[in-house]
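Colleague: Before anything else, here's the structure in question.
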Amino acid sequence: MSTPEYFIDITGDVCPLTFVKTKLLLEKMPAGAMATVRLKGVQPLDNVPRSVKAHGHDVVSLALEVPGEPDPRQPHLLVVRRA
């Protein structure tokens, strides 16, 4: 797996702005490029990966930024590949 070359931090945003910012980043990227999205919160953790897939892109991984007990209040890193 290659290293993502794009990054966005949406931990301070709320839905639906979380996906809007992610979508704008994906639109700037070339096909096949990968991005890391830093996010937290129950709604963003559910909505952003689901919306990324619904728009035809790939969710490569979703994990806690700092390994530990699952907690939606902690930052997670979502890696996506643009279709």
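Colleague: Anything in the stretch 59-83 that is without any contact (Cβ under 8 Å) to a residue 40 or more places away in the chain, farther than 13 Å from residue 22 by Cα and not small (Gly, Ala, Ser)? List them, or say none.
Modeller: Filtering the stretch 59-83 down to residues without any contact (Cβ under 8 Å) to a residue 40 or more places away in the chain leaves 59, 61-74, 76.
Applying the additional criterion that residues be farther than 13 Å from residue 22 by Cα yields 61-74, 76.
If the condition is that a residue be without any contact (Cβ under 8 Å) to a residue 40 or more places away in the chain, farther than 13 Å from residue 22 by Cα and not small (Gly, Ala, Ser), then 62, 64, 65, 66, 67, 69, 70, 71, 72, 73, 74, 76 are the ones that fit.
Colleague: Here is a further query. Restricting to the stretch 62-83, count the residues that are surrounded by 12 or more Cβ atoms within 10 Å (Cβ to Cβ), of a type outside the set (A, V, I, L, M) and in contact with a strand residue (DSSP E or B) (Cβ under 8 Å, 6 or more places away or on another chain).
Modeller: 6
Colleague: Now, a different point. Is it true that residue 46 is more than 20 Å from residue 83 (Cβ to Cβ) and assigned to a helix (DSSP H, G or I)? Full working, then the answer.
Modeller: Numbers: more than 20 Å from residue 83 (Cβ to Cβ): yes; assigned to a helix (DSSP H, G or I): yes.
Answer is yes for this residue.
Colleague: Does any residue of the stretch 9-29 turn out to be of a type in the set (A, V, I, L, M, F, W, C), part of a helix (DSSP H, G or I), touching a residue at least 24 places away in the same chain (Cβ under 8 Å) and on the phi < 0 side of the Ramachandran plot?
Modeller: To start, the set of residues in the stretch 9-29 that are of a type in the set (A, V, I, L, M, F, W, C) comprises 10, 14-15, 17, 19-20, 24-26, 29.
Keeping just the survivors that are part of a helix (DSSP H, G or I) gives 17, 19-20, 24-26.
Narrowing the set further to residues that are touching a residue at least 24 places away in the same chain (Cβ under 8 Å) leaves 19, 26.
Still in the list and also on the phi < 0 side of the Ramachandran plot: 19, 26.
Yes, that holds for at least one residue.
Colleague: For the stretch 28-51, how many residues are crowded, with 17+ Cβ neighbours inside 10 Å, polar (S, T, N, Q) and farther than 14 Å from residue 2 by Cβ?
Modeller: Matching residues across the stretch 28-51 total 2.
Colleague: Within the stretch 29-83, which residues are acidic (Asp, Glu) and at pLDDT 95 or above? Full working, then the answer.
Modeller: Quick first cut of the stretch 29-83, residues acidic (Asp, Glu) only: 46, 58, 65, 69, 71.
Residues satisfying the conditions are 46, 58, 65.
Colleague: Checking residue 72 against (1) of a type outside the set (D, E, K, R); (2) touching a Lys or Arg at 6+ places or on another chain (Cβ under 9 Å); (3) not in a loop (DSSP other than H, G, I, E, B), which single condition isn't satisfied?
Modeller: Result: residue 72 fails condition (3) only.
Colleague: Being basic (Lys, Arg), over 10 Å from the mean Cα position of the chain (by Cα) and either at positive phi or in a helix (DSSP H, G or I) (or both), is that true of even one residue in the stretch 51-66? Don't jump to the end; show me each part of the working.
Modeller: Going residue by residue through the stretch 51-66, those that are basic (Lys, Arg) are 53.
Now drop any that are not over 10 Å from the mean Cα position of the chain (by Cα), which leaves 53.
Among the residues that remain, those that are also either at positive phi or in a helix (DSSP H, G or I) (or both) are: 53.
Yes.
Colleague: Right, here's the next one. Just to be sure I understand the filter: pairs with C-beta atoms under 6 Å, separated by 6 or more residues or on different chains, first member in the stretch 33-48 and on the phi < 0 side of the Ramachandran plot, second member among the hydroxyl-bearing types (Ser, Thr, Tyr) and part of a helix (DSSP H, G or I). Which pairs pass?
Modeller: If the second residue must be among the hydroxyl-bearing types (Ser, Thr, Tyr) and part of a helix (DSSP H, G or I), the pairs left are 37/22; 44/18; 48/18; 48/22.
The values are calculated or read from the model by the stated rules, or taken from the named source; none is laboratory data. Given the structure is predicted, the values throughout are model-derived calculations rather than measurements. All Cβ positions, even for glycine, are placed from backbone atoms using ideal geometry, and neighbour counts span all protein chains on display.
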